[in-house]
Amino acid sequence: MASIFRTLADLWSLVVGLGITGKQFCKPGVTVHYPRAEVTPEAAASFRGPIELIGLDKDPAKPKCIACMLCVSACPSNCIAVTRAPTPKPTPEELKAMAEAEARGEKPKKPAPPKAPGTWTYDFSLCSLCGSCVEVCPVDSIGFSRDIYMVGTKREDFVFDQLARLARKAAARKAVPKAEAKAAPEAAPPPAPASSESGAPGTATPASEA
């Protein structure tokens, strides 16, 4: 008896699975047949492509990154390499102030290193797109790109200098409004208002006054 109930349960699970398959089979396909068709921007909004740096609101060419190295530590694939920006050389005024402080027996105040990366390299060929770097970044400087059509012929094509890439994207955004303004046709001047005086050029004389 138990074997009969087990067989019936197995058959019911098979019927349920076939029902789901048949329901999906009757729906229209959602696969995009590239290159005959392209993915719409709405569909690409949920795509998680290779990571990229996010720029500052005031200066999109400079990243929000503070070179804290948390992304490097969190990456399980070791595909991120970041170095801190070097400390700037002190100016003549700062050198003079440091010498005066030392002469007074005080500890001179040296220039602080900037909270910014000097280099930011990303090897997409090693990345598993786990998102650990995106989640751990304290300043939200890393995000997923929407680059669907990325291709390459060799492994080196997928090793990105993210600082240079961010600068190129910022320059491209600035160039788009200029190109649109240049391509826009000049607005036609508004027509001159018709004169209310009788006999003025371009005006008709009423029949009652003729």
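A compact table of results
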item	result
Enumerated helices (runs of 4 or more DSSP H) restricted to region 34-115, each holding at least 2 residues that are closer than 13 Å to Ile142 by Cα	70-74
Residue, surrounded by the fewest Cβ atoms within 10 Å (Cβ to Cβ), within region 118-165, restricted to residues that are of a type in the set (Phe, Trp, Tyr) and part of a strand (DSSP E or B)	Phe144
Test result for Arg104, basic (Lys, Arg) and under 27 Å from the mean Cα position of the chain (by Cα)	no
Residues of region 137-166 satisfying the condition of being within 12 Å of the chain's Cα centre (by Cα) and among the hydrophobic types (A, V, I, L, M, F, W, C)	Ile142, Phe144, Leu166
Some residue of region 74-83 being touching a Lys or Arg at 6+ places or on another chain (Cβ under 9 Å) and either under 23 Å from Ala44 (Cβ atoms) or surrounded by 13 or more Cβ atoms within 10 Å (Cβ to Cβ) (or both)	no
Subset of region 55-80 [of a type in the set (A, V, I, L, M, F, W, C) and farther than 14 Å from Thr121 by Cα]	Leu56, Ala61, Ile66, Cys68, Leu70, Ala74
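Here, each number is a calculation from the coordinates, and none is a lab measurement. Keep in mind the model is a prediction, meaning the values are calculated, not measured. Ideal geometry is used to build each Cβ from the backbone, glycine not excepted, and the neighbour counts take in all protein chains shown.
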